[in-house]
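Below you'll find the structure, written out as structure tokens, and then a few comments.
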Amino acid sequence: MGVADNLLALLPEIPSSVSLVAVSKFKPVEDIMAAYSVGQRRFGENRPLEMEAKAKALPADIEWHFIGHLQTNKIKNVIPYAALIESVDSEHLLAAIDRAAGAAGRVVDCLLEVHVAAEESKTGFSPDEAVEVARRAADYPNVRIRGIMAMATNTDDEARVRADFRAAHDVLLRTGLSELSMGMSGDWRIAIEEGATIIRIGSSIFGSRY
Ligand SMILES: *Cc1c(COP(=O)(O)O)cnc(C)c1O
């Protein structure tokens, strides 16, 4: 099946209260336009320069979500285009985004990426750090912290995945924020059951990236 068919098969399964980010990283603009042509407007990218190039080439009513590791020297490439920076994984980065947004005369919506997975390699705030930073949101007037982003452990063990998502939801409740971005192609149904308000789906829509 093609991109539009994949998307049209997926959409009826997603509750209307949940936002779908179509993760188009590494995929050509033609694939994005195939999704756009059946109504998709929210896309996710994980590389600053790739997102910038696609944003410049594609319709202005696309809402771009930045979902990858962001180096401080690339913030300037992301700020003009990102509706939401989902992957703020350190206070150092948050402070740098705040300064860059201030210089650009903008307020940028962000999520705090929280580390809940078992893998050491996954980046992000600890649950306690995220709660503490959210409490000090006023320190960063050019950033609006909207919620939490998380990734579950990469495993077939559904109980483990569910526990990770539940831990992320607990962080959300402790912050009092409203948005919870979690769930990818393999685990988004569990994520929605555990309270996701945003899901990020790539390969189920666009096919394998390899
Ligand atoms: C690539 C990616 C996704 C989408 O993953 P799929 O398994 O292809 O759906 C979601 N979130 C992040 C942060 C990603 O990097």
Residue among Ile190, Ile198 that is under 15 Å from the mean Cα position of the chain (by Cα), of a type in the set (A, V, I, L, M, F, W, C) and modelled with pLDDT of 95 or more: Ile198
Criterion (free of Cβ contacts under 8 Å to residues at least 12 places away in the same chain and either of a type in the set (Ser, Thr, Tyr) or assigned to a strand (DSSP E or B) (or both)) met by exactly one of Ser121, Ser87: Ser121
The range 141-190, subset assigned to a loop (DSSP other than H, G, I, E, B) and in contact (Cβ under 8 Å) with a residue 40 or more places away in the chain, residue nearest to the ligand (Cβ to nearest atom): Met184
Residue check for Leu7: more than 25 Å from Thr123 (Cα to Cα), out of contact with any His (no Cβ under 8 Å at 6 or more places or on another chain) and crowded, with 19+ Cβ neighbours inside 10 Å: yes
Residue check for Glu52: more than 15 Å from the ligand (Cβ to nearest atom), among the charged types (D, E, K, R) and either in contact with a helix residue (DSSP H, G or I) (Cβ under 9 Å, 6 or more places away or on another chain) or touching a residue at least 40 places away in the same chain (Cβ under 8 Å) (or both): yes
Of the criteria (1) closer than 23 Å to Val23 by Cα; (2) of a type in the set (A, V, I, L, M); (3) surrounded by fewer than 20 Cβ atoms within 10 Å (Cβ to Cβ); (4) at pLDDT below 95, which one Ala57 fails: (4)
Selection count where residues are closer than 24 Å to Thr153 by Cα, outside any loop (DSSP other than H, G, I, E, B) and touching a helix residue (DSSP H, G or I) at 6+ places or on another chain (Cβ under 9 Å), scope the range 90-118: 6
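Quick grid of which residues meet (1) away from the ligand (no atom under 16 Å from the Cβ); (2) crowded, with 18+ Cβ neighbours inside 10 Å; (3) of a type in the set (S, T, N, Q):
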residue	(1), (2), (3)
Ala82	no, yes, no
Glu91	yes, no, no
Pro127	yes, yes, no
Val131	yes, yes, no
Ala137	yes, no, no
Residue match in the range 139-147 (condition: over 25 Å from Tyr81 (Cβ atoms) and surrounded by 14 or more Cβ atoms within 10 Å (Cβ to Cβ)): no
Ile205 vs. criteria more than 13 Å from the ligand (Cβ to nearest atom), touching a residue at least 60 places away in the same chain (Cβ under 8 Å) and not in a strand (DSSP E or B): no
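The values are calculated or read from the model by the stated rules, or taken from the named source; none is laboratory data. What you see is a predicted model; the values in this text were computed from it and never measured. All Cβ positions, glycine included, derive from the backbone under ideal geometry; neighbour counts span all protein chains shown.
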